[in-house]
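Student: Structure in structure tokens, see below.
Any read-out appearing in this document is the output of simple, stated calculations on the displayed coordinates, not a laboratory observation. All figures in this text were calculated on a predicted structure; none of them were measured in a lab. FYI the Cβ positions are ideal-geometry reconstructions off the backbone, even for glycines, and counts take in every protein chain you see.
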Amino acid sequence: MGTLEKLQKSLLDHLQSLADLNCADIYAEGRNVHARGGKAEGMKVEILMPMPTSASKYAAGPTFSDVDVCVEVVCDGTLATNPPSLLTVCEIISRTLHKWTPPLECGYGKMTLAQNAPWKRGDAGNGKTKITLKFNAQSVLS
């Protein structure tokens, strides 16, 4: 497993461990997940694949010095009569991951909310709204 996949998995494990997010189905993009779409609250959190934004020119091999990690949050109000607030869930995730440090084996240091446009509102289809949260991580090797 590569460092980007390890980073994504550590984010998944971290968010799934939070009691504040037990209302949500939390999964990682690109993984074979058995628990998609099962919670009655209708909240879905997907950790997208980390995308490199710059490569280190000093490393001996291909090492990405900066990586963007996006987390998409969607609330399907048709599944629940009283779903949790989309804004509140996004705030919980933002608070949890801003200044969070993944395990050392991931190869990336402290994560921070993106300085510009940390949240982006979008359409998730079928009248659902999604918010995409953007975080930055920097390689411990750069």
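Student: Taking the highest mean first, how do the peptides 14-21, 101-108, 113-120 order by number of other beta carbon atoms within 10 angstrom per residue?
Tutor: Result, highest mean first: 101-108, 14-21, 113-120.
Student: Report the FRET efficiency, 1/(1 + (r/R0)^6), for T129 and D13, where r is their Cβ-Cβ distance and R0 is 35 Å, rounded to 0.05.
Tutor: In this case the efficiency is close to 0.85.
Student: Sticking with the crude label model, points 7 Å out along Cα→Cβ, report the distance from S85 to E5 in nm, one decimal please.
Tutor: Inter-label distance under the simple model: 3.9 nm.
Student: Between A117 and R31, what is the label-to-label distance in nm when each label sits 7 Å out along the Cα-to-Cβ direction?
Tutor: 2.7 nm
Student: Taking the alpha-carbon distance from K6 and a cut-off under 16 Å, which aspartates and glutamates remain once sequence neighbours fewer than 8 residues away in the same chain are dropped?
Tutor: Cross-link targets: E29, E46, D66, D68, E105.
Student: If r is the Cβ-Cβ distance from T101 to D66 and R0 is 22 Å, what FRET efficiency results, to the nearest 0.05? Mind dumping the intermediate values first?
Tutor: Numbers: r = 16 Å, r/R0 = 0.71.
Efficiency, from the Cβ-Cβ distance: 0.90.
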